[in-house]
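The values are calculated or read from the model by the stated rules, or taken from the named source; none is laboratory data. From a predicted model like this one, the values you see are computed outputs, not experimental measurements. No Cβ is skipped: glycine too gets one built from the backbone with ideal geometry, and neighbour counts run over all protein chains shown.
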Amino acid sequence: MSDHTVTSLAAALKNGDASSRELTSDYLKRIERAEPTLNSFISVTAEQALAGADAADKARAEGRGGYLTGVPLALKDNFCTQGVKTTCGSKMLDNFIAPYSATLVEKLDAAGSISLGKTNMDEFAMGSSSESSFYGAIKNPWDLSAVPGGSSGGSAAAVAAGLVPAAMGTDTGGSIRQPAAFCGITGLKPTYGRVSRYGIIAYASSLDQAGPMARTAEDCAHLMTAIAGHDARDSTSADRAVPDYAGELDAPLAGLKIGLPQEYFGDGLDPEVESAVRDAVKVFEALGATVRDVSLPHTRYATSAYYVIAPAEASSNLSRFDGVRFGHRCDTPDDLLDLYQRSRAEGFGDEVKRRILIGTHTLSEGFFDAYYTKAQRVRRLIRQDFLDAYNEVDVLMGPTSPTPAFNLGAQKDPLSMYLQDIYTIAVNLAGIPAISVPAGLSNGRPVGLQILGSHFAEAQLLNVAHRFQQATDWHQQRPAFAKEIV
Amino acid sequence: MALEQTHVRRAAHLARLDVSDDQASDFVDDLSQILAMVDQLQSVDTEGVDPLYHPLDATQRLRADEVTEADQRERFQRCAPAVEDGLYLVPRVVE
C-alpha cells in the first residue's frame, strides 16, 4: 500500500481492480498499526470513511463519479468537518464538534474522496516541528528521533508512512512545504486566495492558504483541481478560472528560466542540503532550462516582518475563543472577566499565548506604527523583490529548509524555532505559490527542493515539479518504517 | 524598545489572558528576544512605501444586501458550554 499514489489508486478504482472499501479498510489497518508510534492523527473517522467508501463504490458501479471518487485521504485538524471533532491541536477545542464543513472539505466530498480522519498539528498551526500539539508530538517516519516538521506535521508523516496517499495541509509561513521537505513528500502552497479559507480555523488571515500534500506533483495537480476556485463565502477568494492542472504536467521545460536567489544559499545552510539542491538544479539544466543568480534583497527581513504581522492577526483571530460560544470554559468563574481570562489561560498552550501577547503588544497604542505599519511597508518591499525577479526568470529555486529534519526537543527556545522558516516565510508575505519536492537524503533524512512561482502560476510549478520527478526517483524513496507496516 | 513586565501585563489584560507572575517573567524573556529580532525592521528605508495589508492588494468585495443564511441557532449552540432558551449563559454581569 505504501507505494500507491492518488493517481495509481484512481486508475485502480476506475478499472475495477480495487474497490474503495478494500482500499479504505487497508489504509485504516495501516493507521491502526502505525499510530501508537507516529501519533500523526488526532481523530480517525473509520465508520464514516467506510460508509463513504461504500457510497463511492456504488457511484462507480452506476457509472457516476469522477477522478477522485473513492480515493482515501486525510485532513489537517484545522479544517472544520461537520459532525467531526475539529481541535486545531488545542485543548481549547478538545470538545468542539464542528457544526459545518470548510469549503475545501465540501469540495473534496463532492469530488468523492474519502477522509480517513484528522491529522495532528502544532497548536493553532503555530510551529515548525509539530511539538506544540495538545495531543503530543508526532514522529518522523524516516527517523523516529526526528520531528516531521510543522505545522502540518501529521499530514506529512501520515503520507510518508503510507497511512494515506495524500492529505490536506495549510501554510501560513511554511507549514505545508517544510513538513513536506522533512518527510520526503511533495507539498504545494498555492497563491493566496486560490483555495477558499472558509471553515479553516484562522491563524493569520492575510497569510493562510490551504494546499495538497502527496507523494507526487501529479497527485497534487489532481487534488488542486478539486479544491481550487472562487468561493463567495471567503471575501479574499480569487475570482478567476481554475486551469487544467493535470493537463499541463507534461509540457517540456526547454527554455525555462530558473533564478537562484543568492540569499537562499547563505550562512546557516547545511552543506548537504545545498549540494542536493544544486544537483537538482543540474537536472533542470539537462532538461533544457537555463539558470542564473538573482537577488531578493529584503529576504533577511522576512522573519522579522512575519513575527509582527502573523501574531497581530492571530491575536485578533483568537479573540473569538472566549469560553462563551464554543470551546473550553473554566470551572466556576467568579465573573465574566474571570471566565474569559481563565478559560483562555487553561485552553491555550505556551506558544499560542506567546503569539497572542506579541500581537496584542505590537498592535497596542504607542507601538502600532513602529511595529505593525512598519512591517506592512517592509512586506511590500519583500513582494516587490519577487515581482522584479519574475521579470527576469520564470521560477525561483532553493532549499525549502536550511537543514534536514532536526531532532525532537532540539529547538530549545522560540526564536531558534522561528529561524527554521527563513526560506519559506517570504512566500506567504508576498502571496505567491511554492512547492517542495524531495531532492535527496542527508544521513537518512529527506531534503526538499523549493520551487517558487509568480502569482497564480500553480500549473507551471506542478509542471516543473512533475518533469523533475520524471527524471529523478527521490519521490519514490520510502522510509523503512513505511515498508515494515503490513 | 526594551520590553518590561508592565508591557506583558498590559498585553495579557487586553488579550484577556490570565498570566501568573512566574509566567509573566518568562514571557518578558521570550518576547524580548523576539522583539529584538523584529527591531531589525527599523533599519529598512520605507520612505514613500505604502503598507501592504493584503498580498494581492485586493479590496473588500461587496455583495447585495440580501438574506442568504437560514436561522440555525439550535445547531450552532450545540457546541456552546452553557445555553438556555436560545441564549448563551455567562456569570451575572449587572447586579
request  = Kindly indicate whether residue A:323 is in contact with a Cys (Cβ under 7 Å, 6 or more places away or on another chain) and under 30 Å from residue B:29 (Cα atoms).
outcome  = yes
query = Mind checking whether some residue in the range A:3-15 is outside any helix (DSSP H, G or I), without any contact (Cβ under 8 Å) to a residue 60 or more places away in the chain, over 21 Å from the mean Cα position of the chain (by Cα) and surrounded by fewer than 20 Cβ atoms within 10 Å (Cβ to Cβ)?
reply = no
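Okay, residues lined up against (1) more than 11 Å from every other protein chain (Cβ to nearest Cβ); (2) under 18 Å from residue A:174 (Cβ atoms); (3) aliphatic (A, V, I, L, M); (4) buried (at least 20 other Cβ atoms within 10 Å of the Cβ):
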| position | (1), (2), (3), (4) |
| --- | --- |
| A:371 | no, no, no, yes |
| A:420 | yes, yes, no, yes |
| A:424 | yes, yes, no, yes |
| A:438 | yes, yes, no, yes |
| A:452 | yes, yes, yes, yes |
| A:459 | yes, no, yes, yes |
| A:473 | yes, no, no, no |
| A:480 | yes, no, yes, no |
| A:483 | yes, no, no, no |
request  = Being within 8 Å of another protein chain (Cβ to nearest Cβ), closer than 30 Å to residue A:386 by Cα and among the basic types (Lys, Arg) narrows it down to one of B:16, B:10, B:78, B:61, so name that one.
outcome  = B:61
query = Restricting the search to the range A:106-144, which residues are under 20 Å from residue A:438 (Cα atoms) and surrounded by fewer than 24 Cβ atoms within 10 Å (Cβ to Cβ)?
reply = A:139, A:143, A:144
query = In the range A:248-291, which residues are polar (S, T, N, Q) and farther than 24 Å from residue A:441 by Cβ?
reply = A:262, A:290
query = Is at least one residue of the range B:13-20 exposed (fewer than 12 other Cβ atoms within 10 Å of the Cβ) and modelled with pLDDT under 95?
reply = yes
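So is residue A:210 part of a strand (DSSP E or B) and closer than 29 Å to residue A:91 by Cβ or not?
On the way: part of a strand (DSSP E or B): yes; closer than 29 Å to residue A:91 by Cβ: yes.
Criteria met by residue A:210.
One line per residue, one yes/no per condition, for (1) under 25 Å from residue A:308 (Cα atoms); (2) at pLDDT 95 or above:
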{"site": "A:394", "(1), (2)": "no, yes"}
{"site": "A:400", "(1), (2)": "yes, yes"}
{"site": "A:412", "(1), (2)": "yes, no"}
{"site": "A:416", "(1), (2)": "yes, no"}
{"site": "A:420", "(1), (2)": "yes, no"}
{"site": "A:429", "(1), (2)": "yes, yes"}
{"site": "A:436", "(1), (2)": "no, yes"}
{"site": "A:439", "(1), (2)": "no, yes"}
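Each row is one residue, and each column tells you yes or no for (1) among the polar types (S, T, N, Q); (2) without any contact (Cβ under 8 Å) to a residue 40 or more places away in the chain; (3) in a helix (DSSP H, G or I).
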position: A:250; (1), (2), (3): no, no, no
position: A:267; (1), (2), (3): no, yes, no
position: A:285; (1), (2), (3): no, yes, yes
position: A:302; (1), (2), (3): no, no, yes
position: A:315; (1), (2), (3): yes, no, yes
position: A:340; (1), (2), (3): no, yes, yes
ask   = Regarding residue A:389, is this residue farther than 21 Å from residue A:172 by Cβ and part of a helix (DSSP H, G or I)?
value = yes
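Of the residues A:263, A:274, only one is more than 14 Å from chain B (Cβ to nearest Cβ), buried (at least 18 other Cβ atoms within 10 Å of the Cβ) and closer than 24 Å to residue A:399 by Cβ; which?
Exactly one of A:263, A:274 is more than 14 Å from chain B (Cβ to nearest Cβ), buried (at least 18 other Cβ atoms within 10 Å of the Cβ) and closer than 24 Å to residue A:399 by Cβ, namely A:263.
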remark   = Exception for residue A:373 within (1) farther than 22 Å from residue A:426 by Cβ; (2) more than 27 Å from the chain's Cα centre (by Cα) falls at (1)
request  = Read through the list (1) under 30 Å from residue A:131 (Cα atoms); (2) free of Cβ contacts under 8 Å to residues at least 60 places away in the same chain; (3) in contact with a strand residue (DSSP E or B) (Cβ under 9 Å, 6 or more places away or on another chain), then give the number of the only condition that residue A:80 fails.
outcome  = (2)
key: Answer from B:50, B:21 - the residue that is of a type in the set (D, E, K, R) and more than 7 Å from chain A (Cβ to nearest Cβ)   = B:21
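For the range A:317-336, give me each residue that is assigned to a loop (DSSP other than H, G, I, E, B), touching a residue at least 12 places away in the same chain (Cβ under 8 Å) and either in contact with a Ser or Thr (Cβ under 8 Å, 6 or more places away or on another chain) or more than 7 Å from chain B (Cβ to nearest Cβ) (or both).
Here is the first cut: in the range A:317-336, the residues assigned to a loop (DSSP other than H, G, I, E, B) are A:321-335.
Retained after the next criterion (residues that are touching a residue at least 12 places away in the same chain (Cβ under 8 Å)): A:321-324, A:326-330.
Once the filter is applied, which keeps residues that are assigned to a loop (DSSP other than H, G, I, E, B), touching a residue at least 12 places away in the same chain (Cβ under 8 Å) and either in contact with a Ser or Thr (Cβ under 8 Å, 6 or more places away or on another chain) or more than 7 Å from chain B (Cβ to nearest Cβ) (or both), the range A:317-336 yields A:321, A:322, A:323, A:327, A:328, A:329, A:330.
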inquiry  = I'm checking my understanding of the structure. Among residues of the range A:337-359 that are facing chain B (nearest Cβ under 7 Å) and charged (D, E, K, R), which one is surrounded by the fewest Cβ atoms within 10 Å (Cβ to Cβ)?
reply    = A:354
